[in-house]
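K.L.:
Provided herewith is a single structure, encoded as structure tokens, for subsequent inquiry.
The values are calculated or read from the model by the stated rules, or taken from the named source; none is laboratory data. It should be emphasised that the depicted structure is a prediction, and the values quoted were computed from it without experimental measurement. What goes into the accessible areas is simple: the full protein's heavy atoms, side chains included, and nothing from ligands, DNA or RNA. Shrake-Rupley method; radii C 1.70, N 1.55, O 1.52, S 1.80 Å.
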Amino acid sequence: MPTWSVRADRRNVDLSHLQSELNALGATVQGLRVETAEAAHFWNAPDQGAFRDFVAVGSISHSELRALEIVAEELIGEFGWTIDFTRHDETGL
């Protein structure tokens with residue numbers, strides 16, 4: 001099943017709003033599985049020292065890749081480029 005990590009720039013994103021949106025999409029998109037990380041993980045992850053500091057906030061999975069693309073478009077429409085996505089391969093990496 002295709003799975004993407006959802007990452008956010010912790011210097012610029014409203015984490016609670018993003019997690020609420022992820023959970024709402026999980027409740028309304030049939031077959032979408034959403035897992036969110038604990039807020040402490042997000043805030044306590046090591047700073048990468050870059051201009052933007054992207055940290056995983058959770059993951060989305062669906063049997064259809066197109067569904068993940070649509071969800072990503074919705075999230076980017078709401079949060080702009082303060083978020084990004086990383087694909088996992090079949091081994092979960």
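K.L.:
Filter region 44-63 for residues that are open to solvent by 30 Å² or more (accessible area, probe 1.4 Å), more than 15 Å from the chain's Cα centre (by Cα) and modelled with pLDDT under 95 and give the result.
P.N.:
ASN44, PRO46, ASP47, GLN48, GLY49, ALA50, PHE51, ARG52
K.L.:
Taking only region 1-20 into account, find how many residues are farther than 12 Å from SER61 by Cα and open to solvent by 60 Å² or more (accessible area, probe 1.4 Å).
P.N.:
Residues that pass the stated criteria total 7.
K.L.:
Something else about it: Here are some conditions: (1) within 12 Å of the chain's Cα centre (by Cα); (2) of a type in the set (Ser, Thr, Tyr); (3) open to solvent by 40 Å² or more (accessible area, probe 1.4 Å). THR28 meets all but one. Which one does it not meet?
P.N.:
(1)
K.L.:
If you don't mind, another one. Quick check on region 65-75. Is at least one of its residues open to solvent by 90 Å² or more (accessible area, probe 1.4 Å), more than 11 Å from SER5 (Cα to Cα) and under 12 Å from the mean Cα position of the chain (by Cα)?
P.N.:
yes
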